[in-house]
Amino acid sequence: MLLIKNISLLQTPLGNTSRKGQAQGENRKYRDASVLIEGETIVEITERGCLPDCPADTQTLDAGGAFATPGWVDSHTHLVFGGWRQHEIPLKLNGADYLEILQSGGGILDTVRKTRELCEEELFQRAKGFLDEQLHLGVTTTEIKSGYGLDLENELKQLRVVRRLGHEHAMDVVPTCMSAHAVPPEYAGRTDDYVELICRSILPGVAAEDLARYCDVFCETGVFSVEQSRRVLETARSLGMCLKIHADEIDALGGAVLAGELGAVSAEHLIATDDCGIESLAKGGVTACLLPQTSLYLNKPFAHARKMIEFGVPVAVASDFNPGSCPSLNLQLSANLAYLRYRMTPEETLTALTLNAACAIGLGDRLGTVEVGKQADLTLWNADGMEMLCYRMGSNQVKAVVKKGKVVV
Ligand code: NIG
Ligand code: FE
């Protein structure tokens, strides 16, 4: 058994399902708390300085008055890739925009070239380093998308790396197939043919090896249209995958409306989404997965988080770690921006980074809160509460991380 004692404040949302509207801002706060863990599971939570009865051989972690939350969940990353793209910055500073760079064969396609060149072992070692970094930053679970392979062999290669990460790393990892991330060079100008390849070959190949729980599509001007996205997603659903959409990241093309119509689990980005899109998300029970660091990095507006909360859309906040639009793994910076730019309260932000994020990747019944019966994933912080975490910027405020009942950081 492990007893974490001397927690000045333990703050957590409650429940197994996503929280929306006013409930997004409701957190349970325990003062002078301790958490007792048996194996991988939380078995007791005490407050006001009381300690649980525990066997003599119980191991103790003295939190030293730290603030504690559920381990944070990064519900949107693209973290298996080759190379970096720092050479794009001067292009951007000289006025080239994200989609122009992609259309001229750079951007995502540059990373596709570099990812195809690496073998599974090389990709694994790089990605493992990123997971270690996330853990040190207080993240205990992460979603990972493919989408830098863009053919059967290379999409399988990326997703096999994700599976191996899940087996060998302390972190829980959720795999998403995003073969509809861009049109590969060998299909340039033939998007419908590439969609055909995805539906006939890539998705069935991925499903045959059970390599992805989710399917995601970049529904965007000049990439995949609403109708092409619908086709990919309906095929994925027929193969047993749940759905996500990169929707309205740059233009309001209708991705959010499609997400609502299809009952996708989540719609991502939503920078340009209008009221009609937000209503569709609310109606379809879709979680909005917002990525504020990408807005910052692409110099774009920030999604209308307040309006989404007001319309009853559950909001999750993630990093979007990738080599183009967000080369940052630090979810603490997403918390700062959720507070400052989305104007979410610290409580709403915590729910967005834990329970709603866990629900966006299908793990709400096991993760995302500190409650008896849930998996013992907790982050201890050098801060006195969520407000401090959202306010301090640029320093890693993690004190310790407990993953599946073990102290890992
Ligand atoms: O979420 N928009 C598409 N995908 C990523 C960027 C990937 C890249 O630029 O390599 C995103 O922003
Ligand atoms: Fe993304």
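Some notes on this structure:
- Unique residue being open to solvent by 30 Å² or more (accessible area, probe 1.4 Å) and over 14 Å from the mean Cα position of the chain (by Cα) when the list is K128, K157: K128
- Residues of region 1-47 satisfying the condition of being open to solvent by 30 Å² or more (accessible area, probe 1.4 Å), in a strand (DSSP E or B) and among the β-branched types (V, I, T): T41, V43, I45
- Of all residues making up region 170-198, the number that are more than 16 Å from ligand 1 (Cβ to nearest atom) and surrounded by fewer than 20 Cβ atoms within 10 Å (Cβ to Cβ): 10
- Checking the stated criteria, R237 turns out to be closer than 17 Å to I361 by Cβ and open to solvent by 20 Å² or more (accessible area, probe 1.4 Å).
- Only one of the listed residues (G64, G95, G83, G105) is outside any helix (DSSP H, G or I), open to solvent by 10 Å² or more (accessible area, probe 1.4 Å) and within 30 Å of E371 (Cβ to Cβ). That residue is G64.
- Which numbered condition E249 fails, given (1) crowded, with 22+ Cβ neighbours inside 10 Å; (2) of a type in the set (D, E, K, R); (3) more than 16 Å from ligand 1 (Cβ to nearest atom); (4) over 22 Å from E26 (Cβ atoms): (3)
- Unique residue being in contact with a helix residue (DSSP H, G or I) (Cβ under 6 Å, 6 or more places away or on another chain), under 30 Å from G64 (Cα atoms) and either surrounded by fewer than 23 Cβ atoms within 10 Å (Cβ to Cβ) or at pLDDT 95 or above (or both) when the list is L353, L329, L298: L329
- Here P292, P346, P323 are screened, and the one residue that is touching a Gly at 6+ places or on another chain (Cβ under 8 Å), open to solvent by less than 30 Å² (accessible area, probe 1.4 Å) and farther than 18 Å from P13 by Cβ is P323.
- Selection count, region 389-407, where residues are at negative phi and open to solvent by 60 Å² or more (accessible area, probe 1.4 Å): 7
- Strands (runs of 3 or more DSSP E) contained entirely in region 112-219, each with at least 3 residues that are of a type outside the set (A, V, I, L, M) and modelled with pLDDT under 95: none
The values are calculated or read from the model by the stated rules, or taken from the named source; none is laboratory data. Bear in mind the structure is a predicted one, so any value in this text is a computation, not a measurement. Using ideal geometry, Cβ is built from the backbone for each residue, glycine included, and neighbour counts are taken over all protein chains shown. What goes into the accessible areas is simple: the full protein's heavy atoms, side chains included, and nothing from ligands, DNA or RNA. Shrake-Rupley method; radii C 1.70, N 1.55, O 1.52, S 1.80 Å.
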